[in-house]
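Q: Here it is, the structure in full.
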Amino acid sequence: MTSLFGNFAIKQTLGGATFPGVLPLERLATGAVSIAPPKPNATPTIGDVTSISKGEASLEEQLFDAKAAAKIVTSRVAMRIGHEWRRRLYRQLDSLLDIEEWLAEDTPLRTESFTTFLRLMFVLKPEVKPGLGVTATGELLAMWDSSDASRLTLECLPHDVIRWVLSVPIEDRRESAAGETTIQRARDVLAAYEPNRWFVQRVPA
């Protein structure tokens, strides 16, 4: 299985540009979008939308269905995420699932993965929203970097499970770590690495 624990193929959206490719773990970079955080509340219940199986559908139909399913899921919590973030999220989805940039052998975004991502955002409540990518197996990637070249990537799996990988400078060396946890434990797991370096909007001095 393609995952964050080795080289992996992704489509990534960074500042409106998209590209397919294979990125070694150590070269993973992000393009964070800074917008207002959602209102603090309990993690909402997001109803399931059945993922579209490949079957006999064309690639264009699969991508359209995957994008539509993700937007339907988002619409169910639209009042919780704010207009600006929703607009940017829709634009990222349009870019990620653009037929012109997609490889036929890759799996379109899985709705179950996208649902985990949305619930993760309600748990983390990051002021700085992540760059997004999709693995070759259809899992959504949420990616942040910071001004000190720290990097964090969360691979969203079904049923509120995430795989995480990070790299941070500590004194005169760079430390890397990776693991798997649930979205409810994400902040506790990342606590040792000062996650506000990724999640809090920095005001220029």
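Q: What are the ³J(HN,Hα) couplings of region 150-156, residue after residue, when phi is run through the Karplus curve with 6.51, -1.76, 1.60 and θ = phi - 60°? Round to Hz, x for glycine and proline.
A: Once θ is set to phi - 60°, the couplings for region 150-156 become 6, 10, 9, 10, 10, 9, 8 Hz.
Q: Using only alpha carbon pairs under 8 Å that are at least six residues apart, calculate the relative contact order of region 73-205 and give it in whole percent.
A: 19
Q: Could you tell me which residue out of Ser167, Thr111, Asn196 lies farthest along the dipole of region 108-205 toward its positive end? Charges go on the beta carbon: Lys and Arg +1, Asp and Glu -1, centred on the Cα centre.
A: It is Thr111, whose Cα lies furthest towards the positive end.
Q: Students often check this: by mean Cβ neighbours within 10 Å, which of 124-134, 100-110, 158-168 ranks highest, and how do the rest follow?
A: The peptides rank, most packed first, as 124-134, 158-168, 100-110.
Q: Residue-wise, which Karplus ³J(HN,Hα) couplings in Hz belong to region 69-80, taking 6.51 cos²θ - 1.76 cosθ + 1.60, θ = phi - 60°, and x for glycine or proline?
A: 4, 5, 6, 5, 4, 4, 4, 6, 10, 4, 6, 8
Q: Here's a follow-up. Work out, step by step, the length gained on full extension between Phe64 and Arg88: first 0.36 nm times the residue separation, then minus their alpha carbon distance; give nm to one decimal.
A: Extra length available between Phe64 and Arg88 comes to 6.8 nm.
Q: Could you pull out every residue, at least 5 positions away or on a different chain, whose amide H is within less than 5 Å of the one on Ile162? Hs are placed 1.01 Å off N in the peptide plane, and Pro or chain starts have none.
A: Leu157, Thr181, Thr182, Ile183
Q: Can you give the Rg to Rh ratio for region 155-199, taking only C-alpha atoms and Rh from Kirkwood?
A: 1.01
Q: If amide H atoms are built 1.01 Å from N in the plane of the peptide, which residues on other chains or at least 5 residues away come under 5 Å of the amide H of Ala136?
A: Counting only residues 5 or more places away or on other chains, the set is Ala9.
Q: For a quick check of your reading of the filter: which GluC sites (Glu not before Pro) in region 166-205 sit in a DSSP loop and have no more than 12 other Cβ atoms within 10 Å?
A: Of the GluC sites (Glu not before Pro), the ones in loops of region 166-205 whose Cβ has at most 12 other Cβ atoms within 10 Å are Glu171.
Q: Give the whole-number value, in cubic angstrom per residue, of the convex hull volume spanned by the C-alpha atoms of region 98-187.
A: Per-residue hull volume (Cα only) is 120 Å³.
Values in this text are rule-based calculations from the coordinates and carry no lab data. Model, not experiment: these values are computed from the prediction. Cβ atoms come from the backbone with ideal geometry, glycine included; neighbour counts cover every protein chain shown.
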